[in-house]
Amino acid sequence: MREADTLRPPQLMEVSADIISTVEFNHTGELLATGDKGGRVVIFQREPESKNAPHSQGEYDVYSTFQSHEPEFDYLKSLEIEEKINKIKWLPQQNAAHSLLSTNDKTIKLWKITERDKRPEGYNLKDEEGKLKDLSTVTSLQVPVLKPMDLMVEVSPRRIFANGHTYHINSISVNSDCETYMSADDLRINLWHLAITDRSFNIVDIKPANMEDLTEVITASEFHPHHCNLFVYSSSKGSLRLCDMRAAALCDKHSKLFEEPEDPSNRSFFSEIISSVSDVKFSHSGRYMLTRDYLTVKVWDLNMEARPIETYQVHDYLRSKLCSLYENDCIFDKFECAWNGSDSVIMTGAYNNFFRMFDRNTKRDVTLEASRESSKPRAVLKPRRVCVGGKRRRDDISVDSLDFTKKILHTAWHPAENIIAIAATNNLYIFQDKVNSDMH
Amino acid sequence: MLSKGLKRKREEEEEKEPLAVDAWWLDPGHASVAQAAPAVASSSLFDLSVLKLHHSLQQSEPDLRHLVLVVNTLRRIQASMAPAAALPPVPSPPAAPSVADNLLASSDAALSASMASLLEDLSHIEGLSQAPQPLADEAPPGRSIGGAAPSLGALDLLGPATGCLLDDGLEGLFEDIDTSMYDNELWAPASEGLKPGPEDGPGKEEAPELDEAELDYLMDVLVGTQALERPPGPGR
């Protein structure tokens, strides 16, 4: 990854009044979807680069906005179901339309996004406004023709996958077979067929016979990018389980268990909480997995279960503050992580609107801030540093001045290019390389 | 809310204490925490965790991950405090350390039992045939009767009863430990139900039964060691 000074000042999109709860590029990177706490989805489209307007090359503009989920009331349990969008996943594009899955705590929906830029004109039986013509005025037949019109983006719900989950859905993942997908809640994972909404297969169930024995929950899950029979799920105890759907109908027995033994020197009452995995992502190659826990990001090799092959400290200066972070519940924050297109750089968010990038090859890392200041046209994006005490440089921020209400939980990386999307509360920042993309 | 009000009370009491829960966050120079005797630090952590558990359970639909992590942390703290029960240190005015520790130990057992039965109840919530179960801060009239009674009883216990025990009861005991603790407001909800008032309609007949269970439960806990030996009472 290039240094910060090769990044342009980011585009700042004020997406909504609501907090952004998920961000996801589609498979080509042309579209970027965000979901928010109010149940809305906003899709951005990248403008094609043109020589006529070089300064706005490849910028993202709003493409479509729609209400995906509404608040619901479960009358039987007397509970309100939040409309907050937990996850969005794009389906691979198979025709002119785009499709995505969006989910709240309980219900997954398949949305189809189509463009209409032509409309038929010259009907025989209807006039321009669609009213039926008086047949006596029709003297000759004409063939309706398609005439261009202003682009209209239409969104429609194609499937609603409801009643599959008792607990809160934390992740969805589309299978490489493009026919099935899975949804995971705290205790169970279900497999759905994209065309069938009235039933799903339960493939993982970790609910104990006695709820008293409950000590662990599922925190995230994902299908392998190439092997349609493999998927991984992470737990609140910091373990990862790779499962093979060919082995059994119910994948309670893992094929592989990835777990790092606890470091005795760092043991504390909070060891388990900080080891809880908040996100897991397969690399594009399918050879590695990336996990995020409270203080680190780890790269795991699928061939080695004993420990991760790489561990990167995101904000180790928080280790001595765990008591306070436990008290104000920040220790339970769930940060996401992301790979770049070539799996050479990984990224994750932190506090104070900081986000971190780690280059796996050079072992260099950088901390950047998503702020309004940095998004001004002539702003110079400079790396940030948090000082723990001792020598302090001029622009350093001390640990105690960090704003823990400004958390970057959701980030996404373009599948091929150096473009990243950072969600900071209700703002979306899109960072791009200064260099023209086709010079890579 | 119950937890907020409680927090303020504890702040007043623990202002003088260098290890006050809120001081950790406000005071950057809290190196004393790291060096504190584990028993003392874990006692405050214990209280904090219990508060968190309480708050989590008061949600209409608790975040299971948060709940499980807090419960596991609480268990770790309990495990580390068990040997400490024999030691003198308790971060409060030195009233009667042995009684306080005894209570702490037995309230742990009670808490474990409550947590266990509450987690059990979460699985009942999954059953769609169950009536909605309002938690601690709802008024008694909201109770449903019938098959749900035993689990509801456990849920209610975690509300007013255990709440009173851990919150008002614990504090009350630290301040003034004498037999009058058996006669204070701890017993108010239960005793009301025991009186067979003529004006109480048939709807009230269910209440005495539940209150008796509460009574037994609280008796077990307050008496201390007996709570660990006696089999579960009629309300379970």
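Observations, loosely collected:
- Checking A:D205 against (1) of a type outside the set (A, V, I, L, M); (2) within 13 Å of another protein chain (Cβ to nearest Cβ); (3) buried (at least 21 other Cβ atoms within 10 Å of the Cβ), the condition it does not meet: (3)
- Restricted to segment A:251-314, the set of strands (runs of 3 or more DSSP E) holding at least 1 residues that are out of contact with any Gly (no Cβ under 8 Å at 6 or more places or on another chain) and surrounded by fewer than 17 Cβ atoms within 10 Å (Cβ to Cβ) comprises A:256-258, A:296-301, A:310-313.
- The set of residues from segment A:210-234 being surrounded by fewer than 22 Cβ atoms within 10 Å (Cβ to Cβ) and within 14 Å of chain B (Cβ to nearest Cβ) comprises A:N210, A:M211, A:E212, A:D213, A:T215, A:E216.
- Subset of segment A:80-103 that is among the small types (G, A, S) and not in a loop (DSSP other than H, G, I, E, B) - its residue that is least open to solvent (accessible area, probe 1.4 Å): A:S102
- Some residue of segment A:104-120 being under 30 Å from A:S176 (Cα atoms), assigned to a loop (DSSP other than H, G, I, E, B), open to solvent by 40 Å² or more (accessible area, probe 1.4 Å) and at pLDDT below 95: no
- Residue check for A:S320: at pLDDT below 95, among the polar types (S, T, N, Q) and open to solvent by 20 Å² or more (accessible area, probe 1.4 Å): yes
- Answer residue from segment A:309-330, given it is touching a residue at least 60 places away in the same chain (Cβ under 8 Å) and in contact with a strand residue (DSSP E or B) (Cβ under 9 Å, 6 or more places away or on another chain) and is nearest to the other protein chains (Cβ to nearest Cβ) among those: A:C330
- Qualifying positions in segment B:57-108 - among the hydrophobic types (A, V, I, L, M, F, W, C) and modelled with pLDDT under 50: B:A85, B:A86, B:L87, B:V90, B:A95, B:A96, B:V99, B:A100, B:L103, B:L104, B:A105
- Selection from segment A:261-282 of residues that are within 18 Å of A:F335 (Cβ to Cβ) and away from chain B (no Cβ under 14 Å): A:V280, A:K281, A:F282
- Among the residues making up segment A:341-356, those that are open to solvent by 10 Å² or more (accessible area, probe 1.4 Å) and part of a loop (DSSP other than H, G, I, E, B) are A:G341, A:S342, A:D343, A:S344, A:N352, A:N353.
- Remark: A:D365 matches the filter, which requires a residue to be open to solvent by 40 Å² or more (accessible area, probe 1.4 Å) and within 30 Å of A:P225 (Cβ to Cβ).
The values are calculated or read from the model by the stated rules, or taken from the named source; none is laboratory data. No experiment lies behind these values; they were computed from the predicted model shown. Reconstructed Cβ throughout: ideal geometry from the backbone, glycine too, with neighbour counts over all protein chains shown. The protein model used for the area step is the full one, side chains on, heavy atoms only, and it has no ligands, DNA or RNA in it. Shrake-Rupley method; radii C 1.70, N 1.55, O 1.52, S 1.80 Å.
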